[in-house]
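Notes for the one structure printed next.
Rule-based calculations on the coordinates, nothing more; no lab input. This one's a predicted model, so the numbers in the text were calculated from it and none came from an experiment. Don't worry about glycine lacking a Cβ; one is built from the backbone with ideal geometry, like all the others, and counts go over all protein chains shown.
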Amino acid sequence: MSVSSFIGIRYSGFGASPGAAENRFLSFISLVSLFGMTLGVIALIVVVSVMNGFDSELKRRILGVVPHLVVSGEVDPALLDDPRIVARAPFIERHGLLLNGSLSQLVTLYGIDVLSESEMSIVPENMTQGSMEDLGDEQHGIVIGRVLAYRLGLVLGDSLTMVIPEPSAGGHRFSPRVSQVRLVGTFELESELDYRLALLNITELQRIVGGPAADTRVRLNNVFDAPALNGALTSGEGSNVRDWTQQYGDFFEAVKMEKIMMFVLLSLIVAIAAFNIISSLSVMVMDKQKDIAVLRTFGLSPFRVMLIFVIQGVVVGAAGILMGSILGLVLAHNITEVVGFFEELSGGKMLAGTYFDSVPTDVRYGDVLVIIMIAFLISVLATLYPAWRAASLKPAEILRYE
């Protein structure tokens with residue numbers, strides 16, 4: 001071990017003599033800096049993991065249902081064999097009004113191919129009553145969200161009125177298409193789609209609205225490939241392609257921006273811990289002026305003196321980052337249980353009034369690595385000014401009266 005490393009580790013408090021009062025005081029300052037860095041890293045890992053959890057759940061509950069791409073008109077069949085496409089099916093989308101007595105609700109109507117719906121969305125696996133196959137067996141069947149059925153006062157088997165405004169050939173006026181349908185099933189996605197999505201057999205919806213040609217619904221392996229495929233699938237006049245970003249892109253961009261802002265704000269905790277490192281090193285430099293002067297007279301170069309305090313700060317910062325990473329990962333993986341425990345103690349619900357019944361978490365080790373690297377970089381930068389001050393001390397002036 002070099003002289004700079006040896007002295008730097010001793011100054012950090014991990015190698016200090018426990019009997020010396022001044023060493024105990026300086027070790028306490030280092031300990032405060034260490035705990036500050038630890039808390040900052042814990043907060044970053046936990047909050048970023050929770051934000052990732054909300055983001056993942058929203059994408060699963062919404063993008064697992066809405067079409068990734070909808071192709072209207074003619075399209076080259078060869079393009080639909082793109083390896084990024086995992087499934088496709090005929091599809092019709094309309095907007096309508098569901099009525100039950102004096103109760104009503106505006107909804108988006110999906111005309112689906114019942115046999116392929118399990119490949120196209122997560123609705124079949126989230127049915128609470130009935131099954132998707134009932135849409136194929138029932139001529140006038142409809143499937144809606146469980147909370148929407150409750151809001152409209154419906155139970156399985158009840159009839160309700162569906163009104164669809166269909167544009168005329170010239171597009172200058174709308175003709176309402178009224179039909180009686182029967183509730184054959186309900187689903188629960190725990191998202192806004194529970195309130196405004198209704199599913200019908202595609203042949204039934206075509207019959208109601210007058211037999212328009214079906215579009216092609218495309219499901220992708222990676223939903224973020226949709227904008228790139230949007231242009232590639234457009235071919236020929238009258239062909240039109242729309243993707244999920246046109247309806248939900250702004251929403252998920254807002255979620256992404258919120259995550260970035262939370263990361264930036266919580267990074268201030270790490271910055272505050274870095275100021276503690278600067279303060280502790282500055283106190284150390286003032287306290288160890290005579291030691292530094294003696295080392296300089298023995299031939300230790302200014303760079304090696306500077307290295308002593310860089311190593312001291314890095315050791316404290318690295319120890320805090322290591323502790324924060326371990327504790328942060330443990331807490332992030334168990335945040336649902338931890339929040340549930342405190343909810344039981346308080347008797348309240350943290351997420352009351354939202355679509356979520358528990359705090360989701362998604363630990364992404366790439367994000368954790370970025371947090372560690374940023375925290376370590378801040379720790380290193382925090383050591384530079386006090387270390388430079390130590391290296392610029394004049395031994396002759398310090399030892400003049402000794």
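Things to note:
- In this structure, the amide hydrogen of GLU166, modeled 1.01 Å from its nitrogen in the peptide plane, lies closer than 5 angstrom to those of SER175, ARG177, counting only residues at least 5 positions away or on a different chain.
- Phi-derived couplings, Karplus 6.51 cos²θ - 1.76 cosθ + 1.60 at θ = phi - 60°, listed residue by residue for region 340-351: x, 4, 5, 5, 5, 5, 7, x, x, 10, 5, 9 Hz, with x used for Gly and Pro.
- Derived value for region 209-314: Kirkwood hydrodynamic radius 20.4 Å. Basis is the mean of 1/r over every pair of different alpha-carbon atoms.
- Interatomic Cα distance distribution for region 25-116, bins of 5 angstrom, percent: 2, 8, 10, 11, 11, 10, 9, 7, 7, 6, 5, 4, 4, 3, 2, 0
- The chain, relative contact order in percent, only Cα pairs under 8 angstrom and at least six apart counted: 28
- Straight-distance crosslink candidates among lysines, where the alpha carbon sits under 19 Å from LYS259 and sequence neighbours closer than 8 are dropped: LYS59
- Here the 3J(HN,Hα) profile of region 139-154, calculated from phi with Karplus coefficients 6.51, -1.76 and 1.60 at θ = phi - 60°, is 5, 10, x, 9, 10, 9, x, 4, 5, 5, 4, 5, 5, 8, x, 10 Hz, Gly and Pro shown as x.
- Across region 114-187, Cα-Cα distances exceeding 17 Å account for 52% of all pairs.
- Normalised alpha carbon radius of gyration of the chain [divisor 2.2 N^0.38 Å]: 1.49
- Listed by chain and number, the lysines whose alpha-carbon sits under 18 Å from that of LYS290, ignoring those within fewer than 8 places in the same chain, are LYS394.
- Estimated D of region 69-243 in µm² per second, where Rh is the Kirkwood radius over Cα pairs and Stokes-Einstein applies at 20 °C, 1.002 mPa s: 126
- For VAL241, residues with placed amide H under 5 Å, excluding near neighbours: SER72
- Euclidean distance between Cα centres, region 355-402 to region 148-222, Å: 58
- Amide proton proximity set for GLY145, modelled H, under 5 Å, gap of 5+: PHE187, LEU197
- The modelled label-to-label distance between LEU345 and TYR195, using points 7 Å beyond Cα along the C-beta direction, is 3.3 nm.
- Calculated from backbone phi, Karplus (6.51, -1.76, 1.60) coupling profile of region 317-332 in Hz, x at Gly/Pro: x, 5, 5, x, 5, 4, 5, x, 5, 5, 5, x, 5, 4, 5, 5
- Sites ALA213 and MET127, calculated FRET efficiency, Cβ-Cβ separation with R0 35 Å, nearest 0.05: 0.75
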